[in-house]
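The structure under discussion appears below in the form of C-alpha cells.
Values in this text are rule-based calculations from the coordinates and carry no lab data. If you're wondering where the values come from, they're calculated on a predicted model, not measured in any experiment. Counting neighbours? That spans all protein chains shown, and the Cβs are built from the backbone with ideal geometry, glycine included.
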Amino acid sequence: MIRTRHRALIGAVSIFFAAAPSAVFAGPPFLTDDPEPTEPGHWEIYSPLIEADGRGESFSGSIGAEFNYGAAPDLQLTLALPTAYEHGDAGLRWGAGDVELSAKYRFYHDEARGFSIAAFPGLSLPTGTNGMSAGRATALLPIWAQKDIGHWAIFGGGGYAINPGPGKRNYWITGIACTHSFGEHLLLGLEADRQGANSKDEGGSTSMGFGAIYQLKIPLRLLVSGGPTLDDAGGKAGFHAFAALGLDF
C-alpha cells in the first residue's frame, strides 16, 4: 500500500469532505498531495476509498477507509485501514492490507500570500494477510507545498520511500498538480507524478491524470481521478484510478 497516492502512503467504504470545493482544496483524489491539514477538532473520513493501478487484466489496489483528525492547529493524524486485492492470470485474490499511520504538520503558512508547506511522514505496518502485505514496515517521508491564486491552486512536492526487503529498493517520488474551482459544486484538476524503481527488477514510472470533485447533497462529495502510467521500460501504458465518497464533521 505504499503506492504513490503520495498522501501518506496509500491506503471498504469512504465518507468524505463537507466543505465546498475551493482553490485551497487539494490532496484527494489526486496522487499528488497537499499541505492543508484537517481543521483542529474536526474529522475527515473517506469510505469507500477505492484505488487501482496496473495494466490490462493485471492490476492491484485496495478498498478501504481513511480517517483524518485535526489533533491541533496545523497537525493532522491519519489512519488508513485497507482491504487489498490483486487480479492476474490466476484470477482475483484479496486479504487485509497493511495498516497505515501518518501525521501531516504544516510548518509554514502565509495566508496573505496563499502559500503553505507541510511534512507528511507515514508508516505502513505489515498487517496484511493472504500475501497482501509488504512483509515489512515501510515508510514515506515527503514534503508538500501549495500556492493559491484566486480559484486556482498549484501544489506538489515529493519525498523518499523506505522500502526494505529482499529484491526491494528505496526510491524517490515527486508530483505536481493544478486545480480550478468552478463555483461551489465542482473542482477539476490535472497532475503529473514520478516514482522511482521500487525493486531491483523494475524501473521507475511516470503517471499523468485528471481529477474531479463534485459536491453532492451536503455533507457528501464524490471524488474521482485516473489516467495513464508509463513505465521506463516502455511497452503498453498502464492505468491508475481512484474513487471515494466523503464526510467532514
- request: Within the set of other residues whose C-beta is less than 12 Å from the C-beta of residue 185, count the net charge using Lys and Arg as +1 and Asp and Glu as -1.
  value: +1
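Would you mind working out the magnitude of the charge dipole of the chain relative to its Cα centre, with +1 at each Lys and Arg C-beta and -1 at each Asp and Glu C-beta, to the nearest 20 Debye?
About 320 debye.
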- request: Could you tell me the convex hull volume per residue, in Å³, taken over the Cα atoms of the range 56-198?
  value: 148 Å³
- line: Per the Kirkwood formula over distinct C-alpha pairs, the hydrodynamic radius of the range 36-134 in angstrom is 15.1 Å
query: So, in nm, how far is label residue 90 from label residue 194 when the simple model puts each one 7 Å beyond its Cα toward the Cβ?
result: 3.6 nm
Projected area, mean over directions - the chain, Cα convex hull, nm²: 12.2 nm²
task: Note the full-extension length gain between residue 154 and residue 127 as 0.36 nm times their separation in residues minus their Cα-Cα distance, in nm to one decimal.
output: 6.2 nm
